[in-house]
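These notes are about the structure you will find just below.
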Amino acid sequence: MLKITLALSLLAAPLSACRLPFEPTLEAARAKAVARDLPVLMLFTGSDWSLRSVTLDKELLENQAIEKILETSFILMMVDFPQRVKLVATQQSANTALAEKFQVSHFPTLISLRPDGSEIGRLEFHSATVDSMTKTLNGWISQATKTGQGN
């Protein structure tokens, strides 16, 4: 019963990663990435229904070390698919198009792109530690300057 209560309380909380500086569109994220010579990190999430999305947020994205990496080394973009909050039709359509373009069917999924739009890597999140997430992010940062597909 305690696990069910904890899961429900986690799902009731909105995704707090939104305090990070997320760009509203992929075009805006890529333009900023080009200007700042940084990779884009897209977070495909189900912020109000996916327990893994909430876990990623609470256990990793709110961690100071990871938050600092994200703020200084990536241009962030959230692609959210909430169920309890209705997105405006244009946003829902744009998010669906991005999920189809990047073939995302798992929530959450993190995808890192070079400023030119080529994919560096992706992580279909199930669980991770701060150390393993830091290693993944730093690997993507080092791959961002290399040309071609770095998957």
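The values are calculated or read from the model by the stated rules, or taken from the named source; none is laboratory data. What you are looking at is a predicted structure, and each value in this text was computed from that prediction instead of being measured. Don't worry about glycine lacking a Cβ; one is built from the backbone with ideal geometry, like all the others, and counts go over all protein chains shown. To get the accessible areas, we keep the full protein, side chains included, count just its heavy atoms, and leave off ligands, DNA and RNA. Shrake-Rupley method; radii C 1.70, N 1.55, O 1.52, S 1.80 Å.
Here PRO24, PRO14 are screened, and the one residue that is under 25 Å from ASN138 (Cα atoms), open to solvent by 30 Å² or more (accessible area, probe 1.4 Å) and modelled with pLDDT under 95 is PRO24. I'm trying to understand the selection: among the residues of the range 115-131, which are open to solvent by 50 Å² or more (accessible area, probe 1.4 Å) and either touching a Gly at 6+ places or on another chain (Cβ under 8 Å) or among the small types (Gly, Ala, Ser) (or both)? Within the range 115-131, just SER127 meets the criteria. Hey, any hits in the range 73-81 for a residue that's among the β-branched types (Val, Ile, Thr), in a helix (DSSP H, G or I) and within 19 Å of GLU124 (Cβ to Cβ)? Scanning the range 73-81 turns up no residue that is among the β-branched types (Val, Ile, Thr), in a helix (DSSP H, G or I) and within 19 Å of GLU124 (Cβ to Cβ). Residues that are assigned to a loop (DSSP other than H, G, I, E, B) and of a type in the set (A, V, I, L, M, F, W, C) within the range 108-141 comprise PHE125, ALA128, listed in sequence order. Whenever a residue of the range 95-124 is over 21 Å from LEU70 (Cα atoms), its partners that are open to solvent by 20 Å² or more (accessible area, probe 1.4 Å) and among the small types (Gly, Ala, Ser), lying with C-beta atoms within less than 9 angstrom and at least six residues away or across chains, give the pairs ALA99/SER105.
Scanning the range 28-44 for residues that are under 11 Å from the mean Cα position of the chain (by Cα) and aliphatic (A, V, I, L, M) yields a count of 4.
Looking only at the range 115-137, residues that are more than 15 Å from the chain's Cα centre (by Cα) and closer than 20 Å to VAL34 by Cα come to 4 in all. Looking only at residues of the range 45-89 that are small (Gly, Ala, Ser) and surrounded by 18 or more Cβ atoms within 10 Å (Cβ to Cβ), we find that the one that is farthest from the chain's Cα centre (by Cα) is SER50. Residues in the range 90-114 that are open to solvent by 50 Å² or more (accessible area, probe 1.4 Å) and under 26 Å from VAL130 (Cα atoms): SER105 only. Among residues of the range 69-80 that are touching a residue at least 12 places away in the same chain (Cβ under 8 Å), those with a Cβ under 6 angstrom from a residue that is in a strand (DSSP E or B) and among the polar types (S, T, N, Q), sequence gap 6+ or separate chain, pair up as ASP80/THR45.
Taking the numbered list (1) surrounded by 18 or more Cβ atoms within 10 Å (Cβ to Cβ); (2) over 12 Å from the mean Cα position of the chain (by Cα); (3) closer than 22 Å to ARG19 by Cα in turn, ALA144 passes all entries but (3).
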